[in-house]
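The values are calculated or read from the model by the stated rules, or taken from the named source; none is laboratory data. Because the structure is a prediction, the values reported are computed rather than measured. Glycine also receives a Cβ, built like all others from the backbone with ideal geometry; neighbour counts cover every protein chain displayed. Please note that ligands, DNA and RNA were not included when accessible areas were found on the heavy atoms of the full protein model with its side chains. Shrake-Rupley method; radii C 1.70, N 1.55, O 1.52, S 1.80 Å.
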Amino acid sequence: MSFVCPGCSCLCDDIEIVDGRILHACRRGEEIFEKYKENRAKPMVKGKEVDIDSAIEEATEVLKDSKNTVIYGMDTTTVEAQQLGIELAEKLNAYIDDNSSFCLGEFVEAILRKELPTTTLEDVRDRAYVMVYWGANPFHSLSRHMSRYSYYPRGAKRPRGYEEDRFLVVVDVRRSETAKLAKKNAKFIQVDNDDELVDSFFKVMEGKAAKYAKEAGIILNEMKKSDLNVIFGGLGLKYGLKDLGKFVEMVRKMNEVAPLYFIPAGFHANMRGFNETLFEKTGYVNKYSFKDGKGDVDFAFTSLLQNGKVDTAVIIGTDPVSSLPYDVASKLKEVKTIVIDPRMSPTARVADIIIPSAVSGIEMGGTMVRSDGARIKLEVIEERDVNDIYILKKIEEGL
Amino acid sequence: MALNPMDIYKLLPKTNCKKCGEATCMSFAFKLLNRERKLEECTPLYEDKKYERQRKKLEEMLKPLEEATETGLIVDEGLCTGCGNCVVVCPVHVEKDPKGAAVGKGITIDDPILRVEDGAVKVINMQACRRYGKNRVLCVVCRENCPTDAIRFLEG
Ligand code: SF4
Ligand code: SF4
Ligand code: SF4
Ligand code: SF4
């Protein structure tokens with residue numbers, strides 16, 4: 001039987017465990033399977049160990065008293081748990097946000113609003129010719145992306161894989177590990193400014209001179225050879241672009257030359273699931289306020305903390321103390337913090353209440369959404385009853 | 001970091017004393033590289049104190065030889081991230097595992113050359129590599145597509 005790796009948004013579904021050895025998972029994925037028993041959180045209230053139900057009850061009491069709550073995270077839990085988290089936020093009239101507000105949320109939103117055309121990774125494997133990794137270095141965060149879905153595998157209509165049937169483009173500010181693989185049938189474009197490349201694509205399509213005219217010209221010409229070309233956009237693209245609208249417009253315009261699709265290359269395993277689940281409910285993908293009935297930059301977790309807008313934070317399966325800048329994370333001290341996490345993360349260490357939960361994909365089944373939007377069913381290796389679903393349900397019932 | 005016989009030769013005693021069974025130190029160097037001889041067979045290196053530093057250097061230099069497989073392929077597991085590129089590109093795998101490695105999935109055949117196990121690539125069945133045996137070819141496909149330079153070949 002095969003397992004699904006919850007290590008990143010590739011959600012590789014071919015992991016095998018044979019004689020205690022974990023086969024096919026990359027290093028990051030393997031560590032989850034190998035070490036999920038290590039560094040586990042214990043139920044705690046204000047530094048004292050308690051039983052799990054007391055921790056949940058205590059959290060419920062805190063939430064009852066709270067006036068402004070934010071629920072944050074859930075990018076590593078299942079869609080089913082995300083739904084409960086969103087329900088809880090609604091019931092509490094709370095704010096809700098996840099890592100995507102400083103990651104690739106905007107791109108997912110543009111896809112869900114049908115502004116950016118998209119496709120599946122299976123179609124990429126079977127049909128894609130030009131593939132552009134733009135500000136994305138899968139080597140770091142999505143180790144198997146290129147070998148499983150994009151450049152290397154042979155596909156139904158691409159039987160010779162990378163050797164002849166693919167054209168790889170890597171756009172980055174530096175010669176990344178991925179850029180080093182751009183050898184034959186490939187192009188590495190080192191940019192200082194991503195907007196200039198966007199601009200060059202426009203200009204070349206209009207027949208004008210441009211900074212990256214040569215590169216853009218080659219890519220547009222190569223694209224004509226296929227009915228499926230794709231851009232994988234990563235964090236580098238998000239932070240490199242001043243104007244997402246212009247990029248969206250560029251993709252649309254390039255589609256007049258040949259079919260071009262966009263797939264986000266973000267890391268968190270089920271970030272897209274969070275975006276989609278919240279979008280279905282509210283029409284926004286993140287930084288949403290149920291009190292105000294809309295999404296806004298002011299409702300991003302970081303803004304809420306910095307502006308002292310919340311008195312309680314429920315942090316689920318994410319570790320802002322490690323991932324946010326110190327001056328933001330240190331504001332957590334000023335609010336009541338409830339951490340729901342399988343692990344004793346640095347954030348759990350400073351929390352007022354810790355509720356230990358289960359590792360999704362290992363101890364809890366359910367659904368996650370891959371970077372391209374495919375819904376993947378997780379397998380369970382060792383079921384654990386106290387999981388995010390159990391905890392969130394209990395809190396909601398207790399309110 | 002390819003080894004070459006000249007670098008080895010420079011550190012040998014260069015006396016051509018023949019105690020190793022070879023006519024010259026240079027030919028001993030060649031055989032060392034091909035793993036037909038072992039360093040210990042040059043007894044002067046071990047008996048004469050003045051060669052001690054050279055010997056230590058040689059031992060250091062020849063270490064990868066012991067780790068290398070029959071085809072001279074060396075995987076540095078510390079560098080490997082388990083990305084699977086090498087497994088998927090290997091032409092032997094593509095031919096033998098059309099529904100697995102060839103299309104990007106974890107390799108399904110029982111005796112692959114390479115397989116990602118516990119997060120890093122392991123050499124399972126070197127005999128199947130195109131660099132092995134009588135009709136060998138100098139394939140470098142796996143190395144060329146490794147993002148971390150975790151794969152090396154002895155002869156460069
Ligand atoms: S690429 Fe991602 S999903 Fe696939 S094995 Fe690695 S961590 Fe797991
Ligand atoms: S035993 Fe050593 S010194 Fe003598 S010929 Fe052989 S390699 Fe040279
Ligand atoms: S050298 Fe060639 S045949 Fe041998 S493992 Fe590497 S890719 Fe496969
Ligand atoms: S290509 Fe390199 S990093 Fe990737 S699995 Fe093979 S040896 Fe490891």
Just to check your reading of the model, which residue among A:Gly317, A:Gly273, A:Gly295 is small (Gly, Ala, Ser), within 16 Å of ligand 1 (Cβ to nearest atom) and more than 30 Å from A:Met131 (Cα to Cα)?
A:Gly317
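With the structure loaded, tell me whether B:Leu138 is open to solvent by less than 20 Å² (accessible area, probe 1.4 Å), more than 12 Å from chain A (Cβ to nearest Cβ) and within 20 Å of the chain's Cα centre (by Cα) or whether it fails that test.
No, not satisfied.
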Please determine, by comparing only the residues of the range A:125-153 that are within 11 Å of chain B (Cβ to nearest Cβ), closer than 19 Å to A:Glu222 by Cβ and surrounded by fewer than 24 Cβ atoms within 10 Å (Cβ to Cβ), which one is nearest to ligand 2 (Cβ to nearest atom).
A:Arg125
So, in the range A:15-56, how many residues would count as being within 22 Å of A:Thr347 (Cα to Cα) and part of a loop (DSSP other than H, G, I, E, B)?
11
Among the residues listed as B:Glu155, B:Glu117, the single one being more than 10 Å from ligand 4 (Cβ to nearest atom) and modelled with pLDDT of 95 or more
B:Glu117
Residues that are touching a Pro at 6+ places or on another chain (Cβ under 6 Å) and either within 16 Å of ligand 4 (Cβ to nearest atom) or more than 30 Å from A:Lys224 (Cα to Cα) (or both): which helices (runs of 4 or more DSSP H) entirely in the range A:235-335 hold 1 or more of them?
A:320-323, A:326-329
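Per-residue answers, yes or no, for (1) among the small types (Gly, Ala, Ser); (2) more than 23 Å from the chain's Cα centre (by Cα); (3) crowded, with 17+ Cβ neighbours inside 10 Å; (4) modelled with pLDDT of 95 or more:
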| residue | (1), (2), (3), (4) |
| --- | --- |
| A:Glu164 | no, yes, no, no |
| A:Tyr212 | no, yes, yes, yes |
| A:Leu220 | no, yes, yes, yes |
| A:Phe247 | no, no, yes, yes |
| A:Lys253 | no, yes, no, yes |
Scan the range B:86-120 for residues that are near ligand 3 (Cβ under 10 Å from one of its atoms) and touching a residue at least 24 places away in the same chain (Cβ under 8 Å) and report the count.
8
Restricted to the range B:27-45, and to residues that are more than 16 Å from B:Glu66 (Cα to Cα) and in contact (Cβ under 8 Å) with a residue 24 or more places away in the chain, which residue is nearest to ligand 2 (Cβ to nearest atom)?
B:Cys42
For the range B:80-121 the number of residues that are within 10 Å of another protein chain (Cβ to nearest Cβ), more than 22 Å from A:Glu122 (Cβ to Cβ) and away from ligand 1 (no atom under 16 Å from the Cβ) is 1
What tally of residues in the range B:12-32 results from selecting those that are touching a helix residue (DSSP H, G or I) at 6+ places or on another chain (Cβ under 8 Å), surrounded by fewer than 19 Cβ atoms within 10 Å (Cβ to Cβ) and at pLDDT below 90?
1
Taking the range B:33-47 on its own, how many of its residues are open to solvent by less than 90 Å² (accessible area, probe 1.4 Å) and of a type in the set (D, E, K, R)?
2
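Condition first: out of contact with any helix residue (DSSP H, G or I) (no Cβ under 8 Å at 6 or more places or on another chain) and part of a loop (DSSP other than H, G, I, E, B). Can you find one or more residues in the range B:51-66 that meet it?
No, the conditions are met nowhere in the range B:51-66.
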Being within 11 Å of chain B (Cβ to nearest Cβ) and open to solvent by 20 Å² or more (accessible area, probe 1.4 Å) narrows it down to one residue among A:Gly20, A:Gly47; which is it?
A:Gly20
Within 21 Å of the chain's Cα centre (by Cα), over 15 Å from A:Asn275 (Cα atoms) and open to solvent by less than 40 Å² (accessible area, probe 1.4 Å): is that true of A:Leu63 in this structure?
no
